[in-house]
Amino acid sequence: MGGTVRRRVAPVVGAAVASLGTYDHVDAVAVDVAPGTSAEDFVRLVSTGSPAWVGRLLALRDRLVAPFGLQVQERAKPAETRIEPGVKRGPFRVLSVTQDEVLCGDDDKHLAFRASFAVRPKADGSGSEGVCTTVVRFERTAGRLYFRAIEPFHHLVVLSLLRPRTS
């Protein structure tokens, strides 16, 4: 992902919608990836070396939501390199893996979310891009309120994880 600019793009929603059925929120950000990068490679790039503040923010989130009975996020083991259904990558549980997309997500009583990490040709045909798409379905009013409260942090975290760096 070396030296490229993050950009908002058309989301990749096929697998997420098939998994969720419907959704209330979707956003997507892309970065250039090297030729031959698979979706698994893209997930590894995104999930390695996240800033310390992201971990602290997730820990704070866990402390704040625990009294409301919401799931506390398991943390992946740093040495975990497998990308296959059931494995945790950061706050995500891997749901499905194809050459072009890794679908992650979780369901809770307030909302269900899917995070798609897909690799596709850039719209201008000048190479490939890794696209991180977030799809959320609110289960109750509390889910909508929760997501609206964390939405600014969600965008900061996604942009941070997709920061330009060398692969």
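The values are calculated or read from the model by the stated rules, or taken from the named source; none is laboratory data. Just so it is clear, the model here is predicted, and its values are computed rather than measured. No Cβ is skipped: glycine too gets one built from the backbone with ideal geometry, and neighbour counts run over all protein chains shown. For the accessible areas, the whole protein counts, side chains as well, though only heavy atoms, and no ligand, DNA or RNA atoms are used. Shrake-Rupley method; radii C 1.70, N 1.55, O 1.52, S 1.80 Å.
Sort out which residues of the stretch 27-46 are part of a strand (DSSP E or B) and open to solvent by 10 Å² or more (accessible area, probe 1.4 Å), and write them in order of number.
Within the stretch 27-46, the first condition is being part of a strand (DSSP E or B), and the residues that meet it are 27-33.
Selection gives ASP27, ASP32, VAL33.
Within the stretch 83-125, can you find the residues that are outside any strand (DSSP E or B), in contact with an Asp or Glu (Cβ under 7 Å, 6 or more places away or on another chain) and within 20 Å of ARG6 (Cβ to Cβ)? Let's see the steps before the verdict.
Quick first cut of the stretch 83-125, residues outside any strand (DSSP E or B) only: 83-87, 90-91, 98-100, 108-110, 122-125.
Adding the requirement that they be in contact with an Asp or Glu (Cβ under 7 Å, 6 or more places away or on another chain) leaves 83, 87, 109-110, 122.
Scanning the stretch 83-125 gives a single hit, LYS122.
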- Task: Mind listing just one residue for me: the one in the stretch 1-26 that is open to solvent by less than 60 Å² (accessible area, probe 1.4 Å) and touching a Pro at 6+ places or on another chain (Cβ under 7 Å) and, of those, modelled with the highest pLDDT?
- Result: VAL26
- Item | Test for PHE117: is it free of Cβ contacts under 8 Å to residues at least 40 places away in the same chain, buried (at least 20 other Cβ atoms within 10 Å of the Cβ) and either among the aromatic types (Phe, Trp, Tyr) or under 18 Å from LEU20 (Cβ atoms) (or both) | no
- Please enumerate the residues belonging to the stretch 95-110 that are under 21 Å from ASP24 (Cα atoms) and surrounded by fewer than 21 Cβ atoms within 10 Å (Cβ to Cβ). LEU95, ASP106, ASP107, ASP108, LYS109, HIS110
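What's the total number of residues in the stretch 126-149 that are within 30 Å of GLY36 (Cβ to Cβ), assigned to a strand (DSSP E or B) and open to solvent by 30 Å² or more (accessible area, probe 1.4 Å)? Step through it out loud before you land on a result.
Step one: of the stretch 126-149, the residues within 30 Å of GLY36 (Cβ to Cβ) are 126-135.
Next, only the ones that are assigned to a strand (DSSP E or B) stay: 128-135.
Subsequent filtering for residues that are open to solvent by 30 Å² or more (accessible area, probe 1.4 Å) retains 128.
Total meeting the criteria: 1.
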- Task: Would you tally the residues in the stretch 150-167 being open to solvent by less than 30 Å² (accessible area, probe 1.4 Å) and among the polar types (S, T, N, Q)?
- Result: 1
